[in-house]
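Below is one structure, written out as structure tokens; comments come after it.
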Amino acid sequence: MKKFAVFDIDGTLIRWQLYHAVAEALAKQGLLDPKIHQTIKDARMRWKKRTHTDAFRDYEGRLVSAYDRLITQLTPEQMQVAANSVFNEYRDQVYTYTRDLIAQLKDRKYLLLAISGSQTEIVDKIAKHWGLDDWVGSTYTQKGGRYTGAKIVASADKAKILDKLVTEHKLSYKGSIAVGDSASDIKMLELVELPIAFNPEKTLFDHARQHDWKIVVERKNVVYELERTSGIHYWLKTI
């Protein structure tokens, strides 16, 4: 049975959140109410200033709420315009660690998968661009050429999606690898032999540390692996 590696995309391969970028692209088309857009930008600035520990969640929550209200007013054509814009801007804005890991594993004949909470319209483009074999993004239901508002969020249960992909492709968990950066990746990471917490947010970092998972940090032009030395102390090893 073939080995595989599975990647998160936003903040793991791509250096920004594609879901957020698509919402911003829709706003630039004039499709988002300016007052709501300003509220989102204000929340994003509070996060950038690190005004409180939940600033990012507050920003993201406002953005998702606005997007969910907007989606029923959009046509698939408008969504594709936004997805194309985001793809053209962000497709090569990637982390060197995950970019190089994908290339190495491809040479070793791994099947390459991705599971992302971002819209399938943009996930499709990014996954194809980077030569992945299969992928799943969040799907917004359509009926009669319009979005209904119903959605299937891929990041809600990445473990279940991964199990399905493993079964469909007749893959083996032996030698399997997963890379993710956030708490929504934990269940997926728990399934594989080599879980990699990459630039992890605090919840994932704490979980990875407790379970002795590999922790990798990329900062500017240097990639570090965090290694335990004694107790809870870590040192950085350049890789």
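The values are calculated or read from the model by the stated rules, or taken from the named source; none is laboratory data. What you are looking at is a predicted structure, and each value in this text was computed from that prediction instead of being measured. Positions of Cβ are backbone-derived with ideal geometry, glycine not excepted, and every protein chain shown enters the neighbour counts.
At a glance:
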| item | result |
| --- | --- |
| Subset of region 184-195 that is free of Cβ contacts under 8 Å to residues at least 60 places away in the same chain and under 18 Å from the mean Cα position of the chain (by Cα) - its residue that is farthest from residue 161 (Cα to Cα) | 195 |
| Scan of region 75-94 for residues that are of a type in the set (Ser, Thr, Tyr) and either surrounded by 21 or more Cβ atoms within 10 Å (Cβ to Cβ) or touching a strand residue (DSSP E or B) at 6+ places or on another chain (Cβ under 6 Å) (or both), ordered by number | 90 |
| Residue 155 vs. criteria under 14 Å from the mean Cα position of the chain (by Cα), of a type in the set (Ser, Thr, Tyr) and at pLDDT below 95 | yes |
| Any hit, region 95-105, residues being outside any helix (DSSP H, G or I), under 15 Å from the mean Cα position of the chain (by Cα), crowded, with 19+ Cβ neighbours inside 10 Å and on the phi < 0 side of the Ramachandran plot | yes |
| Selected residue (only one of 133, 163, 206 is out of contact with any Asp or Glu (no Cβ under 8 Å at 6 or more places or on another chain), surrounded by 14 or more Cβ atoms within 10 Å (Cβ to Cβ), more than 23 Å from residue 90 (Cβ to Cβ) and acidic (Asp, Glu)) | 163 |
| Scan of region 172-184 for residues that are buried (at least 16 other Cβ atoms within 10 Å of the Cβ) and more than 16 Å from residue 112 (Cβ to Cβ), ordered by number | 181, 182, 183, 184 |
